[in-house]
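Following: one structure in structure tokens, then a few remarks.
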Amino acid sequence: MRIGLTGGAATADKMIEQAQRAEADGFTSLWYASTVAGDPLVAIALAGRVTAEIELGTAVLQTYPCHPLLQANRASSVANAIGRAGLTLGIGPSHESIVRDVLGMSYDHPGRSTEEYATILAGLLRGESVDFDGDDWSAHSAGRMVPPDYPVPVLISALGPRLLRVAGQIADGTVLWMAPLRAIAEHIAPRIHAAAQAAGRPSPRIVAGLPIAVHDDVAEARAAQAAVATAYVDMPNYQRVLELGGAANPGDAAIVGNEAAVTKQLQALLDAGATDIWAAIYPVGDDKRASMRRTRELLMGLVG
């Protein structure tokens, strides 16, 4: 199984140590949220310089605050600083409560905005000179782009039909968070594969990010996740994907149970169309260190 972990730590030194340990333990990737260290690309540049193969991805960078030409140059500079392949750029339109209420920007057309953004960004990272005028984003890049020395795949946090089409047709796939098995099997995988096939693109990646805990008491494990994931309750995008997956709350979406049960659920995600698993390990019970260690040890045995 291709299994990655959540990236991020309290200090730069700890983030470096985390990446080195994850690679040594055989994990295939680390995924960094937009808030890590103030800018996850800084954390990735640090981690990438001291690792050899592990994939380092953003999950995800918000599109609205950064022009796609600037974003492409930022990604290219990080890829070149790392000095190897392995950077993956996950992007997404974020949420109305953040874009409108925090940033003070319009969130009237997130689908259209993201499609235009991805068109510009993906083209630039493929080495193309982009001349594009859209309703939300425009770019004329001649002489203004530093090309990456290594491939930088683009993944989109896609849930709706339009962005799933964009993820398959323009980008290299999707990176998901809190999408249960049924949502992937019945909604996400069929649409993104159809889009890629229609555009003559390679088979897209589907990175399935979910909270995971190996714990014998399933009810306790689900309750523990529901208790720490209250922020998602009021976000329509997450409500929608949970509903598509038949989950009432984030606790229902979590991968939990004993070793055999968790292994079976992870395999079911791959069978449903996921290409990679992003395991967000969380603790359950009084001994949090032992809980995290138990889950990590199982995942270490499954990677490869």
T88 passes all but one of the listed conditions (1) assigned to a helix (DSSP H, G or I); (2) open to solvent by less than 10 Å² (accessible area, probe 1.4 Å); the exception is number (1)
Where G26 falls short, out of the listed (1) under 22 Å from R2 (Cα atoms); (2) of a type in the set (G, A, S); (3) part of a helix (DSSP H, G or I)
(3)
Considering only the range 164-212, state which residues are polar (S, T, N, Q) and open to solvent by less than 30 Å² (accessible area, probe 1.4 Å).
T174
Quick check: anything in the range 51-60 surrounded by fewer than 19 Cβ atoms within 10 Å (Cβ to Cβ) and in contact with a helix residue (DSSP H, G or I) (Cβ under 8 Å, 6 or more places away or on another chain)?
yes
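Results for (1) without any contact (Cβ under 8 Å) to a residue 24 or more places away in the chain; (2) among the hydroxyl-bearing types (S, T, Y); (3) in contact with a Gly (Cβ under 7 Å, 6 or more places away or on another chain); (4) more than 19 Å from T114 (Cβ to Cβ), shown as yes or no for each residue.
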| site | (1), (2), (3), (4) |
| --- | --- |
| K14 | yes, no, no, yes |
| A33 | no, no, yes, no |
| D39 | yes, no, no, yes |
| L46 | no, no, no, yes |
| V78 | no, no, no, yes |
| A85 | no, no, no, yes |
Restricting to the range 261-287, name every residue that is surrounded by fewer than 19 Cβ atoms within 10 Å (Cβ to Cβ) and closer than 14 Å to D216 by Cα.
A261, T263, G285, D286, D287
Within the range 1-45, residues being in contact with a Lys or Arg (Cβ under 7 Å, 6 or more places away or on another chain) and of a type in the set (A, V, I, L, M, F, W, C) number 1
Sole exception among (1) free of Cβ contacts under 8 Å to residues at least 40 places away in the same chain; (2) over 29 Å from R222 (Cα atoms) for T174, by number:
(2)
Go through the range 217-237 and give me each residue that's touching a strand residue (DSSP E or B) at 6+ places or on another chain (Cβ under 8 Å) and not basic (K, R).
V218, A221, A224, Q225, A229
Scanning the range 20-39 residue by residue, those farther than 21 Å from W177 by Cα and open to solvent by less than 50 Å² (accessible area, probe 1.4 Å) turn out to be D25, G26
For the range 93-163, please list each of the strands (runs of 3 or more DSSP E) lying entirely inside it that holds at least 1 residues being out of contact with any Lys or Arg (no Cβ under 8 Å at 6 or more places or on another chain) and open to solvent by 50 Å² or more (accessible area, probe 1.4 Å).
131-133, 138-140
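The values are calculated or read from the model by the stated rules, or taken from the named source; none is laboratory data. Since we're looking at a predicted model, the values are computed, not measured. Backbone-built Cβ (ideal geometry, glycine too); neighbour counts: all protein chains shown. We work out accessible area using only protein heavy atoms, side chains counted, and drop any ligands, DNA or RNA first. Shrake-Rupley method; radii C 1.70, N 1.55, O 1.52, S 1.80 Å.
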